[in-house]
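Shown next, in structure tokens, is the structure this report addresses.
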Amino acid sequence: MTGLKMTKLSSNENCYGCSQMARDAILLNYQDAHLYPELHPHALKEQLAQKYGVRSRNIVLGAGSVGIINNLILSFVGNGEEVLTFENSFIAYGQLSHIHNHSCHFAPLADLSCDPVNLMSYINDKTKLIFIANPNNPTGTIITHAQLQAFLESVPERIVVVIDEAYAEYVTDPSFPNSVNLQARHSNLVILHSFSKIYGLAGLRIGFAIAENDIAAELTHCQIPFSLNYLSYHAASCALEDTRFIDDSAGRNDIQRKYLETEFRRMGYNTIATQSNFIYLWFDTDAEKVKVYDILLSNRIIICDLKVFGQELALRITIGDQETNTRIIELLS
């Protein structure tokens, strides 16, 4: 396969690239890459604040949402205190907890979803931080507004609850939470977003959090100086403005995920309806899983073997464009 172009469907990037407006911003500003970036890009923070109906002081920018996850653990989990999340969810929650020598407990999913009810029996006096991926990565399922509201009303206010909405722009289910509305009543709620997915800026490493005043101030205080690169916030600002690109990417993704879900079910594969830009498949045997993985790899299509998530019998396939998805179905048929 040396020298032949691979189709990468393993990391949930936007297969349509990024906005032309973002590309233009990079080209316009790259000659100033020798300059340090702003410590706190106020214009981008104000832009995000207006989009979400909050104040700019409630916006925290970071080197990808992973950078903010790291700072949340640094800021709010002390010696002997613990992190709580779900098994079969985003691996960074557990990885970063362990890097900082904190215990991380994993509640089971319910029907492949992060049902907050399953977290309650794991909460104890040491619990300081809870992560919920919504939609969940790698299953693509969501929890509803009612589920999140009920959980926030039950969990002790001393615990910071983080709802990670990296894939929120792909969601079409009307029951998806209005997290900003809930945050107005629950100051311990932190909302994470990323420019890596639908905005197509994964390589520039930029994400943001929406948080109550004190939490936002603490996260800002612990940031590494100049952690945002010079080009990322210029590109992010223009990506936000290009709503046509976002709507187009979401619309195409919705069509293609319905196509893949229908075809995988027709062929007898185990899958579940997704609200994201990836498809989750699970298998009865390792041999069945490896066969699918190898067929696609031998045809220069890379997908994610979910061993990295601790799931020995599952695969995750990023939803590609129509041509790529048709080819996948033809190969597996």
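The values are calculated or read from the model by the stated rules, or taken from the named source; none is laboratory data. This is a predicted model, so every value here is computed, not measured. Reconstructed Cβ throughout: ideal geometry from the backbone, glycine too, with neighbour counts over all protein chains shown.
For Leu228, the requirement of being in the same structural domain as Val160 (by TED's automatic domain parsing), part of a loop (DSSP other than H, G, I, E, B) and surrounded by 19 or more Cβ atoms within 10 Å (Cβ to Cβ) is met.
Just one of the numbered conditions (1) at pLDDT 95 or above; (2) touching a Pro at 6+ places or on another chain (Cβ under 7 Å); (3) under 18 Å from Ile91 (Cβ atoms) is not true of Gln275: (3).
Does His193 count as assigned to a strand (DSSP E or B) and in contact with a strand residue (DSSP E or B) (Cβ under 8 Å, 6 or more places away or on another chain)? First the steps, then the outcome.
On the way: assigned to a strand (DSSP E or B): yes; in contact with a strand residue (DSSP E or B) (Cβ under 8 Å, 6 or more places away or on another chain): yes.
Criteria met by His193.
Of everything in region 89-127 that is touching a residue at least 24 places away in the same chain (Cβ under 8 Å) and of a type in the set (Asp, Glu), the residue that is surrounded by the most Cβ atoms within 10 Å (Cβ to Cβ) is Asp115. Within region 160-170, is there a residue that is within 20 Å of Leu61 (Cβ to Cβ), assigned to a helix (DSSP H, G or I) and in the same structural domain as Ala236 (by TED's automatic domain parsing)? Scanning region 160-170, I find at least one residue that is within 20 Å of Leu61 (Cβ to Cβ), assigned to a helix (DSSP H, G or I) and in the same structural domain as Ala236 (by TED's automatic domain parsing), so the answer is yes. Pick from region 250-281 the residues that are of a type in the set (Val, Ile, Thr) and closer than 15 Å to Thr141 by Cα: which of them is farthest from the chain's Cα centre (by Cα)? Once the filter is applied, the top-ranked residue is Thr271. Within the span defined as region 164-172, every residue fails to be touching a strand residue (DSSP E or B) at 6+ places or on another chain (Cβ under 9 Å), within 18 Å of Ser75 (Cβ to Cβ) and surrounded by fewer than 14 Cβ atoms within 10 Å (Cβ to Cβ). A search for C-beta distances below 9 Å between a residue of region 169-186 that is free of Cβ contacts under 8 Å to residues at least 24 places away in the same chain and any residue that is of a type in the set (Phe, Trp, Tyr), counting only pairs 6+ apart in sequence or on different chains, returns nothing.
Among the residues of region 52-74, just one is surrounded by fewer than 20 Cβ atoms within 10 Å (Cβ to Cβ) and of a type in the set (S, T, N, Q), namely Ser56. Being under 23 Å from Thr172 (Cβ atoms) and of a type in the set (D, E, K, R) narrows it down to one of Asp111, Asp125, so name that one. Exactly one of Asp111, Asp125 is under 23 Å from Thr172 (Cβ atoms) and of a type in the set (D, E, K, R), namely Asp111.
In region 206-222, is there at least one residue being more than 18 Å from His40 (Cα to Cα) and either in a helix (DSSP H, G or I) or among the charged types (D, E, K, R) (or both)?
No, the conditions are met nowhere in region 206-222.
In the set (1) without any contact (Cβ under 8 Å) to a residue 12 or more places away in the chain; (2) more than 21 Å from Glu312 (Cα to Cα), the condition left unmet by Glu261 is number (1). Residues that are over 20 Å from Gly310 (Cβ atoms) and assigned to a loop (DSSP other than H, G, I, E, B) within region 139-159 comprise Ile142, Ile143, Thr144, Val155, Pro156, Glu157, Arg158, Ile159, listed in sequence order.
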